[in-house]
Amino acid sequence: MLSLTDPIWQELEGGYRVPYDASKALAQMERGESVWNEFWNELHHQGDVGVASYAAIPQLVRISEGRRGSDWNLYAFAATVEVERHRKSNPPLPDWLAFSYKVAWEGLVKLALSDLAGKPDELTLRSALSVVALGRGDIKLGALLIHSDTSEIAAYLEDNLAWSSQYA
């Protein structure tokens, strides 16, 4: 895992394809500050992600493993990065990051399964299910779960299946 003090953070590109030093915001998060808006803005932009986006995932998982209860943002952000990583227009996962990224995803799936054992809210449920699907290698199902909302799913079910609204 890339240390938060490693100078390479300053060179890694985020969602805007310019260098973004995610280590500063990760250190803030480690201190208990909320920085999700910054991550969503800087590490993901209209389907674009960069190596900084990938490098942030192991740190995000490490920080989250040390806390009680996860934030839906963790699952939604990680799932979004993982889905977008497979776009041809985004950079590949570098070899030097592959192992810690894989280990982080294994930990992320465990966190998601733990949260799913409770009674998560709608965003956490959908995001955690997406993480489980992606962590098991089902990119299409993970993408479907993370990129759809409940109203879209309800409309599809009403229009295409013989279910009545009593099952919604």
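The values are calculated or read from the model by the stated rules, or taken from the named source; none is laboratory data. On a predicted model such as this, the values are computed, not experimentally measured, just so you know. Because the Cβ atoms are built from the backbone with ideal geometry, glycine has one as well, and the counts that use them run over all protein chains shown.
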Looking at the range 46-57, which of its residues are modelled with pLDDT of 95 or more and either closer than 17 Å to Ser114 by Cα or over 11 Å from the mean Cα position of the chain (by Cα) (or both)? Asp48, Val49, Gly50, Val51, Ala52, Ala55
Ser114 versus (1) in a loop (DSSP other than H, G, I, E, B); (2) surrounded by fewer than 18 Cβ atoms within 10 Å (Cβ to Cβ); (3) not hydrophobic (A, V, I, L, M, F, W, C): which is the lone unmet condition? (1)
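In the range 93-104, what residues are in a helix (DSSP H, G or I) and either in contact (Cβ under 8 Å) with a residue 24 or more places away in the chain or charged (D, E, K, R) (or both)?
Asp95, Leu97, Ser100, Tyr101, Lys102, Val103, Ala104
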For the range 100-124, give me each residue that is over 18 Å from Asn73 (Cβ atoms) and of a type in the set (Gly, Ala, Ser). Ser100, Ala117
Checking Asn90 against (1) farther than 17 Å from Ala25 by Cα; (2) in contact (Cβ under 8 Å) with a residue 60 or more places away in the chain, which single condition isn't satisfied? (2)
Odd one out for Arg87 among (1) under 12 Å from the mean Cα position of the chain (by Cα); (2) within 17 Å of Arg17 (Cα to Cα): (1)
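Hey, among Arg126, Arg136, which residue is surrounded by 14 or more Cβ atoms within 10 Å (Cβ to Cβ) and either more than 28 Å from Ser3 (Cβ to Cβ) or of a type in the set (Lys, Arg) (or both)?
One residue alone meets the criteria, Arg126.
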If you take the residues of the range 125-168 that are hydroxyl-bearing (Ser, Thr, Tyr) and modelled with pLDDT under 95, which of them is nearest to Asn73 (Cα to Cα)? Ser148
Can you work out which of the residues in the range 5-26 that are over 18 Å from the mean Cα position of the chain (by Cα) and not in a loop (DSSP other than H, G, I, E, B) is surrounded by the most Cβ atoms within 10 Å (Cβ to Cβ)? Trp9
Of the residues Asp138, Asp115, which is within 17 Å of Arg68 (Cα to Cα), acidic (Asp, Glu) and more than 13 Å from the chain's Cα centre (by Cα)? Asp115
Restricting attention to the range 55-76, does a residue exist that is of a type in the set (Val, Ile, Thr), buried (at least 20 other Cβ atoms within 10 Å of the Cβ) and part of a helix (DSSP H, G or I)? yes
For the range 77-92: of the residues being assigned to a helix (DSSP H, G or I) and not small (Gly, Ala, Ser), which is surrounded by the fewest Cβ atoms within 10 Å (Cβ to Cβ)? Arg85
